[in-house]
Amino acid sequence: QVQLVESGGGLVQAGGSLRLSCTDSGRAFSRYYLGWFRQAPGKEREFVAAVTWGGGGTYYADSVKGRFTISRDNAKNTIYLQMNSLTPEDTAVYYCAAEETLLIRRGTVEVWGQGTQVTVSS
């Protein structure tokens with residue numbers, strides 16, 4: 001079972017960058033598809049990005065394509081979300097997620113992290 005812990009959130013000005021990290025303290029990291037979701041105040045949680053178990057396949061929401069990059073390092077049991085050209089609309093709690101199938105892109109998630117706040121000021 002994976003146990004996910006996010007880090008790297010914070011406050012940044014519009015146009016800036018942040019890198020989120022998600023580390024697994026469990027022992028099954030490399031078997032899972034991993035991804036990021038976000039939830040803004042008053043809105044539903046939404047898919048942001050996902051990466052296949054080997055790291056060779058990546059998927060993005062249209063709203064972040066070209067600005068965000070997801071990657072994983074199985075040797076470190078860690079995935080990353082590099083976020084560039086941030087806008088106030090990116091303000092949300094960002095959650096790391098693990099799922100054994102590509103249904104993660106549709107919101108099917110087996111394990112959630114606790115979330116990390118990202119705030120983008122205008």
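The values are calculated or read from the model by the stated rules, or taken from the named source; none is laboratory data. Computed from a predicted structure; not experimentally measured. Cβ sites come from the backbone with ideal geometry, for glycine too, and all protein chains shown count toward neighbours. Quick note on the areas: whole protein, heavy atoms, side chains included, nothing else; ligands and nucleic acids left out. Shrake-Rupley method; radii C 1.70, N 1.55, O 1.52, S 1.80 Å.
Annotations
- Each Lys and Arg adds +1 at its Cβ and each Asp and Glu adds -1 at its Cβ; summed about the Cα centre, the chain shows a dipole of about 160 debye.
- Solvent exposure of region 20-122 as accessible area per residue, Å², 1.4 Å probe: 48
- Along the chain, longest interval not containing exposed trypsin sites (Lys or Arg not before Pro), exposed being DSSP loop plus at most 14 other Cβ atoms within 10 Å: 66-122
- Between region 4-26 and region 34-94, the Cα center-to-center distance that results, in Å: 10
- Rounded if a/c under 1.5, otherwise prolate or oblate - region 47-122, Cα gyration tensor axes: prolate
- Extended-chain gain in nm, criterion 0.36 nm per residue less alpha-carbon gap, ARG19 and ALA40: 5.7 nm
- Carbon and sulfur %, accessible surface of the chain computed with the full protein complex present, 1.4 Å: 46
- When the Gaussian network model of the chain links Cα atoms closer than 10 Å, the mean-square fluctuations of GLU99, GLU110, GLU44 top out at GLU44.
- Shape category assigned to region 6-93 from the gyration tensor of Cα positions, a/c cut at 1.5: prolate
- Label zone at ALA75 (point 7 Å along Cα-to-Cβ), backbone N below 20 Å, region 40-62: 52-57
- With 0.36 nm allotted per residue and the present C-alpha distance subtracted, the TRP112-SER7 stretch has 36.4 nm of extension available.
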